[in-house]
């Protein structure tokens, strides 16, 4: 593990006059897992895209593969060398089978050899210890299993370097343990891993070395054993960060702002009822598949309800579709921000103002100055990086993309805000900022519903917690009376 398979020197990148990487250096040894950590906007995503040939660095940047200088890295060159990137937002083919996704580009000399394709795909899955139906369409399986398929694809193409960007964001606890075993097996075969995660316990579990990036600069590289959780966080944010639970300081209220009664949308929503009172954040948790997201999507009009009632400030509202929901003051920040939230091909300004165009008019015409002013307001207030209103949404890091969606809904003057896994793939600093946004919105009279599988988050931000199982609310508890163990038990056993 002493020889570098990959090394970068003096890597710089500038977007529209703003430098986002400053003389960054990074190296990866054969058979090691090297974690790359930092806040959203630290430059991790940009550096990975440069390594993958998707983004061209500034002149003078150097990339070495196996000791040889690469004059120009392109996506084709990266694949040829043996570098595979498994992005947080999976980019494969949902309409193709699992076998076709794993082997796309293989066994197609003159015609597709489906027999060889399945044999190759099965070999990769067997190596990983994953049991999947090769004939099933990729879009029919969970996002977590799709992540495992992406790893199988990298194995099939004999990648020497695999970049894993937030690989456990959608994995269950058993799948996370499976991923750790896969990483160990890959390392034994000499494969190198670049591991990007905001979950620091994972970083300490898998990493041999850690590199910290902050504001586009490399702050430190060292053996994982040389860091503590506290020292790593302080390097990432550049300041001492203390995580303080945020609960209702305004006092309990009997005023119900938002109510759902007997909501039914089989098979995942089976008679769900709850209330959100003034000044409180209502937390909803439960295991994957409990019906949490489906409940939110039904309320928001993304899914059609079979029966049930929805009330805002005591008045019943009827939601036909998402436009209807937004018009009545219900806003929803989805779990899958890339495919359900952002307009990936549009810039930050377009994304921020898409649902509030009526606010951006001068007479009957759209006023670009008003659009820009709105975007700059939220860039400043919720600290979006880089501060470029014209940057394409697909070029934003996960946390900053999430902040754009928060800005969109904050500008929509919501009466109800439902957020689904709002801090998935978000760094510790941004997580605290998002929690503060939720608490402030509740204080300002918005009915806030927080859906999260992160129990520490639910306990830290919510005032009351609902536990869902098999499409039903099976438990309700005040936060100050709750424990992670008790909540997990209710989610498992009902």
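What shape does the stretch 37-120 take by its C-alpha gyration tensor, where a ≥ b ≥ c are the square roots of the eigenvalues and a/c under 1.5 counts as rounded, a/b above b/c as prolate, and the rest as oblate?
The shape class here is oblate.
Which value in nm describes the separation of the simple spin-label points at residue 336 and residue 275, placed 7 Å from the Cα toward the beta carbon?
The answer from the label model is 3.5 nm.
Mind sorting 192, 185, 174 by how few other Cβ atoms lie within 10 Å of their own Cβ, fewest first?
Listing 192, 185, 174 from fewest to most nearby Cβ atoms yields 174, 185, 192.
Can you tell me the mean projection area, over all orientations, of the convex hull of the stretch 139-237's alpha carbons? Units nm², please.
Approximately 7.3 nm², given one-decimal rounding.
Which of the peptides 249-260, 2-13 is most tightly packed, and how do the rest follow, going by the mean number of other Cβ atoms within 10 Å of each residue?
Per-residue Cβ counts within 10 Å, averaged per peptide and sorted highest first, yield 2-13, 249-260.
Using the alpha-carbon atoms, what tilt in degrees (0 to 90, nearest 10) does helix 143-156 show relative to the longest principal axis of the chain?
10
Take the Cβ-Cβ distance between residue 322 and residue 372 as r, set R0 to 35 Å, and report the resulting FRET efficiency rounded to the nearest 0.05.
It comes to 0.85.
When every alpha-carbon pair in the stretch 256-493 is counted, what percent end up more than 21 Å apart?
Cα-Cα pairs of the stretch 256-493 separated by over 21 Å account for 56 percent.
With labels modelled as points extended 7 Å from the Cα through the Cβ direction, what inter-label distance (nm, one decimal) is found for residue 173 paired with residue 111?
5.0
In nm, what is the difference between 0.36 nm times the number of residues separating residue 19 and residue 476 and their Cα-Cα distance?
159.7 nm
What angle, in degrees between 0 and 90 and rounded to the nearest 10, separates the Cα long axis of helix 428-443 from the longest principal axis of the Cα atoms of the chain?
Value to nearest ten degrees: 10.
Taking only DSSP H segments of four or more residues, each worth -39500 (n - 2.57), what value at 222 nm results for the chain once the sum is divided by all its residues, to the nearest 500 deg cm²/dmol?
-9500 deg cm²/dmol
Please give the length that would be gained between residue 303 and residue 354 if that part of the chain were fully extended, namely 0.36 nm times their separation in residues minus their C-alpha to C-alpha distance (nm, one decimal).
Here the segment from residue 303 to residue 354 would lengthen by 16.2 nm.
Relative to the longest principal axis of the chain, what angle (0 to 90°, nearest 10) does the C-alpha long axis of helix 484-493 take?
90
How big is D for the stretch 394-458, in µm² s⁻¹ as a whole number, if Stokes-Einstein is applied with the Kirkwood radius of its Cα pairs at 37 °C and 0.692 mPa s?
The diffusion coefficient I find is 270 µm²/s.
At a 10 Å Cβ-Cβ cut-off, how would you order 65, 350, fewest neighbours first?
350, 65
Please state, rounded to one decimal and in Å, the Kirkwood hydrodynamic radius that the stretch 4-237 gives when every pair of distinct Cα atoms enters the mean of 1/r.
Hydrodynamic radius (Kirkwood, Cα pairs) of the stretch 4-237 is 18.4 Å.
Rounded, prolate or oblate: pick one for the stretch 275-408, where a ≥ b ≥ c are the square roots of the eigenvalues of its C-alpha gyration tensor, a/c under 1.5 means rounded, and failing that, prolate if a/b is larger than b/c, else oblate.
Verdict is prolate for the stretch 275-408.
Based solely on C-alpha atoms, express the radius of gyration and the Dmax of the stretch 100-144 in angstrom.
Rg then Dmax for the stretch 100-144, in Å: 11.1, 33.
Across the chain, how large is the tail of the calculated P(r) beyond 38 Å, expressed as a percent of all Cα pairs?
Every Cα pair in the chain considered, those over 38 Å come to 29 percent.
What spacing in nm lies between the two simple spin-label points modelled at residue 440 and residue 489, each 7 Å away from Cα in the Cβ direction?
Calculated label separation equals 3.9 nm.
Throughout, read-outs are computed from the coordinates displayed, never taken from laboratory work. Predicted model only: the values in this text are computed from it and were never measured. Glycine gets a Cβ as well: all are built from the backbone with ideal geometry, and neighbour counts include every protein chain shown.
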